[in-house]
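Engineer: Let me begin by handing over the structure; questions about it come next.
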Amino acid sequence: MKITILLFGILKDIVGENSIELPIEKDTSIINLKAGLLEDYKNLNKYSNFSVAVNEAYVEANYILKSDDVVALIPPVSGG
């Protein structure tokens, strides 16, 4: 199975790409995906509270990914 990950803002800068195609195991959850990304890209740990949307809808951490899902990683927003 594979998914596409879209990265925005500082997350894109850290990874160095605006998208990644990533092979995943069956029954991979958002929790598992985030853990793997934080392991592979250590600098993401500073922004580990990023939001996740799958196929243009925000999802919970226990969401199970499916083949060909498009996952958007959205950094925390701040400002005034």
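Engineer: Looking at the structure I just gave you, is Ser19 of a type in the set (Ser, Thr, Tyr) and either more than 13 Å from the chain's Cα centre (by Cα) or on the phi > 0 side of the Ramachandran plot (or both)?
Structural biologist: Against the criterion (of a type in the set (Ser, Thr, Tyr) and either more than 13 Å from the chain's Cα centre (by Cα) or on the phi > 0 side of the Ramachandran plot (or both)), Ser19 does not qualify.
Engineer: Which residue is nearest to the chain's Cα centre (by Cα), if the candidates are limited to the stretch 46-80 and must be assigned to a loop (DSSP other than H, G, I, E, B) and surrounded by 13 or more Cβ atoms within 10 Å (Cβ to Cβ)?
Structural biologist: If we take residues in the stretch 46-80 being assigned to a loop (DSSP other than H, G, I, E, B) and surrounded by 13 or more Cβ atoms within 10 Å (Cβ to Cβ), then Phe50 is nearest to the chain's Cα centre (by Cα).
Engineer: Something else: Quick check on Asn43: is it at pLDDT below 95, assigned to a helix (DSSP H, G or I) and over 15 Å from Ile74 (Cβ atoms)?
Structural biologist: Yes: the conditions hold for Asn43.
Engineer: Working only within the stretch 1-37, note down all residues that are aliphatic (A, V, I, L, M), within 19 Å of Ile64 (Cβ to Cβ) and either free of Cβ contacts under 8 Å to residues at least 12 places away in the same chain or in a helix (DSSP H, G or I) (or both).
Structural biologist: Ile30, Ile31, Leu33, Ala35, Leu37
The values are calculated or read from the model by the stated rules, or taken from the named source; none is laboratory data. Values in this document were obtained by computation on a predicted structure and should not be read as measured data. As a convention, Cβ positions derive from the backbone with ideal geometry for all residues, glycine included, and neighbour counts pool all protein chains shown.
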